[in-house]
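Here the structure comes first, spelled out in structure tokens, and everything after it is commentary.
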Amino acid sequence: MAERPYTLLSCSMSIDGYIDGASESRLLLSNERDFDRVDRVRAGVDAILVGATTVRNDNPRLLVRNPERRRRRLDQGRPEHPTKVTVTERGRLDPSFRFFADDGTDKLVYGSSAVVETLQHRLGHLTKVVDAGEPVRMRDLSEDLHARGVRRLMVEGGGAVHTQFLADDLVDELQLVVAPFFVGEPSARRFVGEARFPWHPGHRARLAATEQIGDVVLLRYALSERYEADELAAD
């Protein structure tokens, strides 16, 4: 079997398992201290992956914010920011999204075979477009990232991407932050969708660490033997 990157899945959710509300405005599920923790984790990876729905709904920049962390990456001979990666089955991506900003980052768009030509025409001047097959399979995508030099991958959403990576047993570490409130709106997005997961009542995931960060709590689950306990060592 081909190699894949060490993969860390990072997500914030409400007590009842939602990662967003039902309105168009973004729901903040964390706090400044935790945002800084996530920034620290980002600074330690080679690439950050989000699905096209997250690109459209959250319009994230996916950059390392702290200048000292960026300088340290440069001193190590690494790019200032991790490579940005997204994946799309339908090709609904617009060059105006901040993902595609001229910010000096490398960018990869994995598209299903049916939309690669459209993506190349629309985004080819801004990013590398990769034919990811039909349908897109996250294991193949992960192996392709490893072949491109990505050794540490951070997956930041959304629910469909979480579901596929977890169901395909491609995650080594889950960092799950729980916010102290409920959403309770059936139309809102959930942490994961329906799937057959490797962890179930007969095969429980290992809770490796917990940490209270202000009014949220971080749960770290070791989902493979590759789990690295020192990932969040203070920088």
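The values are calculated or read from the model by the stated rules, or taken from the named source; none is laboratory data. Source: prediction; values computed, not measured. Backbone-built Cβ (ideal geometry, glycine too); neighbour counts: all protein chains shown. To get the accessible areas, we keep the full protein, side chains included, count just its heavy atoms, and leave off ligands, DNA and RNA. Shrake-Rupley method; radii C 1.70, N 1.55, O 1.52, S 1.80 Å.
Keeping every protein chain present and rolling a 1.4 Å probe, give me the accessible area per residue for the chain in Å².
On the way: 11820 Å² over 235 residues.
I get 50 Å² per residue for this part.
Hydropathy first: keep DSSP H helices in the chain averaging at least -1.0 on Kyte-Doolittle, then drop any whose Cα extent along the axis falls short of 15 Å, and list what survives. Don't skip to the answer; put the middle values down first.
Values: long enough: 32-43 (16 Å, -1.58).
The qualifying helices: there are none.
Roll a 1.4 angstrom probe over the protein heavy atoms and tell me the percent of accessible area of the chain that is carbon or sulfur. Walk me through the intermediate numbers first.
On the way: 5620 of 11820 Å².
Here carbon and sulfur together make up 48 percent of the probe-accessible area.
222 nm [θ] for the chain, helices only, -39500 (n - 2.57) per DSSP H run of 4+, per residue, to 500?
Values: 6 runs with 55 residues, N = 235.
Computed ellipticity for the chain at 222 nm equals -6500 deg cm²/dmol.
Could you work out the relative contact order of segment 1-139? I mean the mean sequence separation of Cα pairs under 8 Å and 6+ apart, divided by the number of residues, in percent.
About 18 percent, as a whole number.
Give the residue list of GluC sites (Glu not before Pro) in segment 139-203 that are DSSP loop and have at most 10 other beta-carbon atoms within 10 angstrom.
Working: sites: Glu143, Glu156, Glu173, Glu194; in loops: Glu156, Glu194.
Filter output for segment 139-203: Glu194.
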